[in-house]
Amino acid sequence: MGSVDTATVVSWSDTSIAVIVPDPSNLYYGTKPIKIILGNGIDRTFTDFFIIEDVLETLHRTRALSQIGFRAMMTLYWSPAGNTLMDYYFQFGTNYSIAPLTWSGTTFHSAYNNTTPTDTVTITFDGEVSDDGKTLLTITGKHYYSSSYDWSVGYAHTDITELTFTNVPLEVSTPYQNSLMFRVIGAAVRDNVVSVRFESWRQGIIIKQYISTDWTNATQSPIISIYFN
């Protein structure tokens, strides 16, 4: 880890001290041996300290929101069959080269737009995390695709997916890779889902549409997952 000239003291007692120590390499988390040199120059022996990750700082180093996902047993209108219960998975994301993630304190934003003579794709993410970075307080992901021509069947079409979730907990953080996953699984997911919109239009007619989620179906437990990296 090397040596540092300054450290911010968080707390100090006769038996313990907590400090914030800069770690430019982003590699040192968990239990590590650290040598402390006191202000009077006395060199102390190495002692094991538990180093805690600053999750918000790790989030600030992420460059993209690579995936937002929601999977469950859902009822979807599916033309021509009508309403159908199925295992369905909404997922989309971006990478830093096309939609870099930007942070302002605890809020984040990412946007991608690509337009050609026949197609338009727009993806946006907006949200906020808790002060410690360990809870995704809110996130809204939107995916819009429109084409003036469908090469397979020969007509215009539009697909819209919008997902809004709240209070999704951090499950895994890998700070040395700047990678984090927020995830929640099971029937309680219904408390985290604010809204789901999915529509697929062909020539101005809806041929697919999200209707509802079966929160307790044992075939596929509901899952929300969001990946930052």
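The values are calculated or read from the model by the stated rules, or taken from the named source; none is laboratory data. This is a predicted model, so every value here is computed, not measured. Backbone-built Cβ (ideal geometry, glycine too); neighbour counts: all protein chains shown.
Miscellaneous remarks
- Test result for D131, assigned by TED's automatic domain parsing to the domain that holds N217 and in a strand (DSSP E or B): no
- Reported count of residues in the range 207-223, each being touching a strand residue (DSSP E or B) at 6+ places or on another chain (Cβ under 7 Å), exposed (fewer than 15 other Cβ atoms within 10 Å of the Cβ) and part of a loop (DSSP other than H, G, I, E, B), is 1.
- Top-ranked residue of the range 155-183 - restricted to ones that are over 21 Å from D131 (Cα atoms) and assigned to a strand (DSSP E or B), ranked as modelled with the lowest pLDDT: H157
- Exactly one residue out of E128, E199 is under 21 Å from R63 (Cα atoms) and of a type in the set (D, E): that is E128.
- Counting only strands (runs of 3 or more DSSP E) that sit wholly inside the range 68-119, those with at least 2 residues that are under 22 Å from W201 (Cα atoms) are 82-92, 107-115.
- When each of T140, T106, T116, T102 is tested for being in the same structural domain as I68 (by TED's automatic domain parsing), among the hydroxyl-bearing types (S, T, Y), out of contact with any Ser or Thr (no Cβ under 6 Å at 6 or more places or on another chain) and surrounded by 15 or more Cβ atoms within 10 Å (Cβ to Cβ), the lone residue that passes is T106.
- Sub-9 Å Cβ pairs linking a first residue in the range 92-104 that is under 12 Å from D126 (Cα atoms) to a second residue that is in a loop (DSSP other than H, G, I, E, B), at least 6 apart or interchain, are L101/T62; L101/R63; L101/A64; L101/T94; W103/T62, ordered by first then second residue.
- For the range 195-206, the condition of being assigned to a loop (DSSP other than H, G, I, E, B), in contact (Cβ under 8 Å) with a residue 12 or more places away in the chain and surrounded by fewer than 17 Cβ atoms within 10 Å (Cβ to Cβ) holds for at least one residue.
- Top-ranked residue in the range 70-90 [being over 14 Å from D214 (Cα atoms) and in contact with a strand residue (DSSP E or B) (Cβ under 9 Å, 6 or more places away or on another chain); ranked as surrounded by the most Cβ atoms within 10 Å (Cβ to Cβ)]: F90
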